[in-house]
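Novice: I am attaching a structure below and will ask some questions about it afterwards.
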Amino acid sequence: MSEIANNEAAKKTCLHDRHVALGAKMSPFAGFDMPIQYGSIAAEHNAVRGAVGMFDVSHMGEIFVEGPDACEFVNYVFTNDIRNLEPGKVLYGMMLYPDGGTVDDLLVYREFAENAYLLVVNAANIEKDYEWLCARVKDNPRTGKPFGCTVRNESEAWGQIAVQGPESEKKLVEVLGLGGAASLEFYSFYDGQWNGKRLIVSRTGYTGEDGFEIYSAPENICEIWDRLHEAGVTPCGLGCRDTLRFEAGLPLYGDELSEKISPIMAGLGIFCKLDKDFIGRDALVRQKEQGTEYKLVGIEIEDKAIPRAGYPVELADGTEVGVVTTGYHSISLDRSICFALVRREYAALDTRLDIRIRRKTFPGKVVKKRFYKTNYKK
Amino acid sequence: MSKIVEGLKYSESHEWVKVEGGIAVIGVSDYAQKEMGDITYVDVPEPGDTVEKGVEFGALESVKASSDLFSPVSGTVTEVNEALCDAPELINEDAFANWIIKVEMSDPSELDALMDAAAYSELVGE
């Protein structure tokens, strides 16, 4: 009964009917009824690595910050430094709680209009992030007054498609006529129009391959999906979105980042600029100086068994020293690998760590987290 | 539409049993392999291990998830299908031809509680 109730409550993206018509296996994710796979996860994964695939990511959130203090405000809630971010550029980073725990990880787009930023946030965190931003904008600690900017959640007005893979540029140019895509650098975007509505094209993604994310009104997103589908672009579900991002060493909020997992623990310190002030900075400085109790590592085991989230990480004598956060038998690499949070004294590369999978223990060792060599456009 | 073979016994957890004298040959149904998708790993006990009716004895792993295997009968494992260690996808190719374990039954009357093909067909709604 509860499952039925959940399904009825689940939100639908603008492309939902198309997923159902394609026979996708649907499942609730972040409050949305989303496609997990249309056919085989491995085939969809390989389409992105070898050619081109497309994902409905309309569930992601779009929050706009605008006004004279927009730069100061975003820089105050965001770990990365946006002060030198040019119009048309994108930056990855996190929003943190004062204790260093992670509110969310997100992309910040510096718009071409003056004093305007677009924050693209995780679907599961849209409400939480919006409330967090609305609360923080009321109090500029430097002036004791509210920041001079507005925070607007436009998530429901936007659809989004990620087109990913080595042939994605060709498809955008030839099938969609988006010629501007060809000259975009990695982590850049341009603003355009489609049927009189705003269209944002950015060279970003979550797969480790070259690719684009296209934002527009739902009716445009449906038309773009249909044209790409007719042109042979493989529809890809959230199943392979996870296997792809995992191989590329990218974190998923909820697994590798959370209210309890700071970017320092997750090995994402490079996205946290400690020479500027932002919420959570002092906690990160302390964590860097003193070390965190746990660190996120990669572990590889010498077997085809699959380390799944929640499985214990052990020393050879059976002492539990950590837990798996995401794991797969990697489709592109044919290795059984995982991310795991382990006590920091066991986080060094090549440290022997075992993983308990049901009744058996499989010997493994700490390896680099970026399992797959990414193919971003330079 | 998944395949269901006449003359086998079926469990509610989608294992099938083929009775050969006192031995139960155990696999998973075509319906189960379809639900799982591409199977990438088969976790099985060793010959000599005991299994118990309704208790987990191993697992199938697909890319996304692992799914426990439950023994439809109690007894002692006499043989495991080694071919599945190297080629777990055989279950996707033919779930009925590729058995998983053979069990010497300690209580063959347990078979009576299992479903026949017609009842199983109803369970999976086909």
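Novice: How many nm is it between the label spots at residue B:97 and residue B:5, if each spot is 7 Å from the Cα in line with the beta carbon?
Specialist: The answer from the label model is 1.1 nm.
Novice: Viscosity 0.692 mPa s, temperature 37 °C: Stokes-Einstein D of the protein assembly as shown from its Kirkwood Cα radius, in µm² per second?
Specialist: Using the Kirkwood radius from Cα pairs, D works out to 132 µm²/s.
Novice: Any idea how far the Cα center of the range A:76-155 sits from the one of the range A:47-73, in Å?
Specialist: Between the Cα centres of the range A:76-155 and the range A:47-73 lies a distance of 13 Å.
Novice: Looking at the range A:42-65, which residues lose a minimum of 10 Å² of accessible area between their chain alone and all protein chains in place, measuring with a 1.4 Å probe and not counting ligands or nucleic acids?
Specialist: Buried by the other chains: A:42.
Novice: Let me ask you something else. Just to verify a number: what accessible area does residue A:112 come out at with the full protein assembly present, 1.4 Å probe, Å² rounded to tens?
Specialist: About 110 Å², ignoring ligands and nucleic acids.
Novice: Continuing with this model, one more query. Residues of the range B:44-62 that become at least 50 Å² less accessible with every protein chain present than in their own chain isolated, using 1.4 Å: which are they?
Specialist: B:61
Novice: Shifting gears a bit: Could you pull out the trypsin sites (Lys or Arg not before Pro) across the range A:138-170 that fall in loop regions by DSSP (anything but H, G, I, E, B) with no more than 12 other Cβ atoms inside 10 Å?
Specialist: A:138, A:142
Novice: Along each of the three principal axes of the Cα atoms of the range A:58-112, give the extent in whole Å, ordering the values from largest to smallest.
Specialist: Projected onto the principal axes, the Cα atoms of the range A:58-112 cover 33, 28, 17 Å.
Novice: Considering the options A:10, A:40, A:108, tell which one lies farthest towards the positive end of the dipole of the range A:4-111, charges being +1 on Lys and Arg and -1 on Asp and Glu at the Cβ, about the Cα centre.
Specialist: A:40
Novice: With springs only between Cα atoms under 10 Å apart, run a GNM on chain A and tell me which of A:20, A:52, A:121 wobbles the most.
Specialist: Judging by the Gaussian network model, the answer is A:20.
Novice: Any idea which of B:33, B:45, B:10 is furthest toward the positive side of the dipole for the range B:9-107, if Lys and Arg beta-carbons carry +1 and Asp and Glu beta-carbons -1?
Specialist: B:10
Novice: A follow-up question, please. By Kyte-Doolittle mean hydropathy of at least 1.6 and Cα axial length of at least 30 Å, which whole DSSP H helices of chain A are selected?
Specialist: Membrane-span-like by this criterion, though nothing is claimed about a membrane: none.
Novice: Can you pull out the trypsin sites (Lys or Arg not before Pro) in the range A:19-111 that DSSP calls coil and that have at most 16 other Cβ atoms within 10 Å?
Specialist: Taking the range A:19-111 and a limit of 16 other Cβ atoms within 10 Å, the loop trypsin sites (Lys or Arg not before Pro) found are A:83.
Novice: Nearest 100 Å² is fine: what is the total accessible surface buried where chains A and B meet, probe 1.4 Å?
Specialist: Working: alone 16320 and 6400 Å², together 21240 Å².
Looking at A and B, the buried total is near 1500 Å².
Novice: On average, how much accessible surface per residue is there in the range B:9-107, in Å², for a 1.4 Å probe, leaving out ligands, DNA and RNA? Write out the running numbers ahead of the final one.
Specialist: Working: 3980 Å² over 99 residues.
Accessible area per residue, the range B:9-107: 40 Å².
Novice: Given a 1.4 Å probe, how much area per residue of the range A:61-153 is accessible, in Å²?
Specialist: So the range A:61-153 comes to 39 Å² accessible per residue, rounded to a whole number.
Novice: For the range A:1-126, just the Cα atoms, rotate onto the principal axes and tell me the three extents in Å, largest first.
Specialist: If we take the Cα atoms of the range A:1-126, the spans are 47, 40, 28 Å.
Novice: Continuing with the same structure: Per the Kirkwood definition applied to all pairs of different Cα atoms, how many angstroms is the hydrodynamic radius of the range A:146-298? Could the numbers behind the result be given before it?
Specialist: Working: mean 1/r = 0.0553 Å⁻¹.
By the Kirkwood definition, the hydrodynamic radius is 18.1 Å.
Novice: Normalising by the residue count of the range A:293-367, find the relative contact order in percent from Cα pairs under 8 Å and 6+ residues apart. Don't skip to the end; give the middle numbers.
Specialist: Details: 200 pairs, mean separation 29.8, N = 75.
Contact order relative to length: 40 percent.
Novice: Counting only heavy atoms of the protein chains, get the accessible area per residue of the range A:224-378 (1.4 Å probe) and round it to a whole Å² value.
Specialist: On a per-residue basis, the range A:224-378 sits at 44 Å².
Novice: Normalized C-alpha radius of gyration of the range A:293-367, against 2.2 N^0.38 Å?
Specialist: On the way: Rg = 10.7 Å, N = 75, 2.2 N^0.38 = 11.3 Å.
Here the answer is 0.95, to two decimals.
Novice: Using only the heavy atoms of the protein chains and a 1.4 Å probe, how would B:85, A:338, A:71 rank by accessible area, largest first? Show your work: numbers first, answer last.
Specialist: Details: B:85 60, A:338 0, A:71 35 Å².
Solvent-accessible surface, decreasing: B:85, A:71, A:338.
Novice: Something else: Specify the inter-centroid distance of the range B:69-88 and the range B:101-126, based on alpha-carbon positions, in whole Å.
Specialist: Using only Cα atoms to place each centre, the spacing works out to 16 Å.
Novice: Quick one: compute a quarter of the convex hull surface over the Cα atoms of the range A:113-202 and quote it in nm².
Specialist: That works out to 8.0 nm².
Novice: While we're on this one: Report residue A:345's accessible area, 1.4 Å probe, all protein chains in place, as a number in Å² to the nearest 10.
Specialist: Accessible surface of residue A:345 is approximately 110 Å².
Novice: Something else about it: Report the residues of the range A:8-27 in range of a label on residue A:195: point 7 Å along Cα→C-beta, backbone N strictly under 16 Å from it.
Specialist: A:14-18
Novice: Oh, and also: Could you sort the residues of the range A:296-314 by number and keep only those whose accessible area is reduced by 30 Å² or more in the all-protein-chain setting relative to the chain alone, 1.4 Å probe?
Specialist: When all protein chains are present, A:304, A:306, A:308 each give up 30 Å² or more of accessible surface.
Novice: Taking Cα centroids, how far is the range A:298-335 from the range A:190-257 in Å?
Specialist: 29 Å
Novice: Give the Cα extents of the range B:46-101 along the principal axes, in whole Å, largest first.
Specialist: On the principal axes, the range B:46-101 reaches 28, 21, 18 Å in Cα extent.
Novice: Give the carbon-plus-sulfur fraction of the accessible surface of the range A:293-367 in %, rounded to a whole number; probe 1.4 Å, heavy atoms of protein chains only.
Specialist: Accessible surface attributable to carbon and sulfur in the range A:293-367 totals 49 percent.
Novice: Let me ask something else. About the Cα centre of the range A:247-338, how large is the charge dipole given +1 on each Lys and Arg Cβ and -1 on each Asp and Glu Cβ? Please answer in debye to the nearest 20.
Specialist: Its charge dipole is roughly 360 debye.
Novice: Okay, moving on. Using the Kirkwood formula over every pair of different C-alpha atoms, what hydrodynamic radius in Å results for the range B:9-107?
Specialist: The Cα-based Kirkwood calculation yields 13.1 Å.
Novice: Using the Cα gyration tensor of the range A:61-153, with a ≥ b ≥ c the square roots of its eigenvalues, what is the shape: rounded (a/c below 1.5), prolate (a/b larger than b/c) or oblate (neither)?
Specialist: rounded
Novice: Also: How big is the equivalent ellipsoid of the range A:236-378 along its three axes, where each semi-axis is √(5λ) from the Cα gyration tensor, reported in whole Å from largest to smallest?
Specialist: Working from the Cα gyration tensor, I get semi-axes of 25, 20, 12 Å.
Novice: Let me have the 222 nm mean residue ellipticity of chain B computed from DSSP H runs of 4+ only, each contributing -39500 (n - 2.57), with the sum over all residues rounded to the nearest 500.
Specialist: -3500 deg cm²/dmol
The values are calculated or read from the model by the stated rules, or taken from the named source; none is laboratory data. Everything numeric here is computed off the predicted structure, so don't read it as measured data. Note: ideal-geometry Cβ built from the backbone for every residue, glycine included; neighbour counts use all protein chains shown. Heavy atoms of the whole protein, side chains included, go into the accessibility calculation; ligands, DNA and RNA do not. Shrake-Rupley method; radii C 1.70, N 1.55, O 1.52, S 1.80 Å.
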